[in-house]
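Throughout, read-outs are computed from the coordinates displayed, never taken from laboratory work. On a predicted model such as this, the values are computed, not experimentally measured, just so you know. Methodologically, a virtual Cβ is constructed for each residue, glycine included, from the backbone with ideal geometry; neighbour enumeration extends over all protein chains shown.
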Amino acid sequence: MSTKKTRRHTAILDQLSANPTMRVNRLSEALGVTTETIRRDLEDLAGQGLISRTYGGAMLRQPAEPALSERHKDFVAERAAIGRAAGPILAKARVIMIGSGATTVQIAKRIAFEMNEITVITHSFGVATVLSFNPTIQVIMAPGVYHSGEGAMHGAQTVRFLADYTADWSVTGASALSPAGPTDALIEAADVYATMLRQSTRHMVVADKSKYDRMATARYAEWGDIDLLLTDGQPQGPLAQALQGGGVEVRQVPV
C-alpha cells in the first residue's frame, strides 16, 4: 500500500472517530480527494474490518469486546444508574426475560432488591446468580452451549427452549447501536436476544452511550421492534432519527 493511501486511510478513521457516521461527499471534501477515491478507500477499510459501509457512507465498527469479567470494570456508574432506572419500569411485570451482559447484571441486582414473586428466564449465569439472593424470585435457566467469555448459554438448544415461554418484558444489552438497530459482537448471542424479543410483549434495550453510532457483527432487531432504550446519553444525528422513526422511547438516566 502506498504511503499516500495509508495516510488517507488514517485520516478517514480519524474523521469517523470524531463523527462516527459520515457520508462519502463529506469525507471527499474533508480529505480533498474525489468521491471515487473515497469509495475505494472505504471498501479497503471495510475489508479490513475497521468500518461498516452504510448507504452513501461509512460507520466505525465496534472493536471486539473483552470478556464479561473485564467489561464489568468499565462504565460502572453509568451501568448502575441504568439498573436503578429499570426497576420502576419493570415493576408490574410478572415474567421477564433477561439477556447476558454487564449492564443486564446491574438490572438483575435491582430486580433482586426491589421485586418479589416474579419469574425471570435467562441464559446468563451472572444474572441468575444475582437473582438467587432473593428466594421469592423463580429463575429459569436456559440450557445450551456454554460461552465462557460471556458466562452464558448460547446455541440452537437455547433458542428452542426460550421459544416455549412468553414474558411481559425482555431486557437485552448490545455491543453497538447503529441507525439500523441494536447489534451484538456474538452471532450466537444475537440469536438468543432475537428470540427473547419475539417471545415478549415489550422489549427494553439497555446500553451506555459508548455504544452509539457503531455497528457490531449481528443485528438482532430493528428499532421498530424496540419499545424502550434506557441509556445515559442523548443520541444525536442519524441514530436519533432512526430511534424516533422506530417509535422508540429513549430515557436518559442521570449518572
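Some notes on this structure:
- Working note: 222 nm ellipticity from helices only, DSSP H runs with n ≥ 4, each -39,500 (n - 2.57), summed and divided by the residues of the chain, gives -12000 deg cm²/dmol to the nearest 500.
- Global form of the chain, assessed from the alpha-carbon gyration tensor, a/c cut-off 1.5: prolate
- Difference of contour (0.36 nm per residue) and Cα-Cα distance, Arg53 to Ala11: 13.5 nm
- Backbone HN-Hα couplings from phi across the stretch 105-118 [Karplus 6.51/-1.76/1.60, Hz, Gly and Pro as x]: 5, 4, 5, 4, 4, 5, 4, 4, 7, 9, 10, 9, 6, 10
- Rounded to 5, the percent of DSSP beta bridges in the chain classed as antiparallel: 40
- Altogether, the Stokes-Einstein calculation at 25 °C and 0.890 mPa s, with the Kirkwood radius of the stretch 3-60 over Cα pairs as Rh, returns a diffusion coefficient of 226 µm²/s.
- Exposure proxy for Thr231, Thr158, Thr37: other Cβ atoms within 10 Å of each Cβ, ordered fewest to most, give Thr37, Thr158, Thr231.
- For Lys5, the aspartates and glutamates whose Cα falls under 19 Å of its own Cα, not counting residues fewer than eight places away in the same chain, are Asp14, Glu29, Glu36, Asp41, Glu43, Asp44.
- By the rule of a C-alpha distance below 28 Å, with chain neighbours fewer than 8 residues away ignored, the lysines paired with Lys109 are Lys73, Lys92, Lys209, Lys211.
- Percentage relative contact order, the stretch 68-252, counting C-alpha pairs under 8 Å, at least six apart: 19
- A dipole drawn for the chain from +1 and -1 charges on Cβ atoms has a positive end, and of Met204, Phe113, Ile140 the residue lying farthest that way is Met204.
- Put in order of Cβ neighbour count within 10 Å, fewest first, the listed residues Ser28, Ser200, Ser148 become Ser148, Ser28, Ser200.
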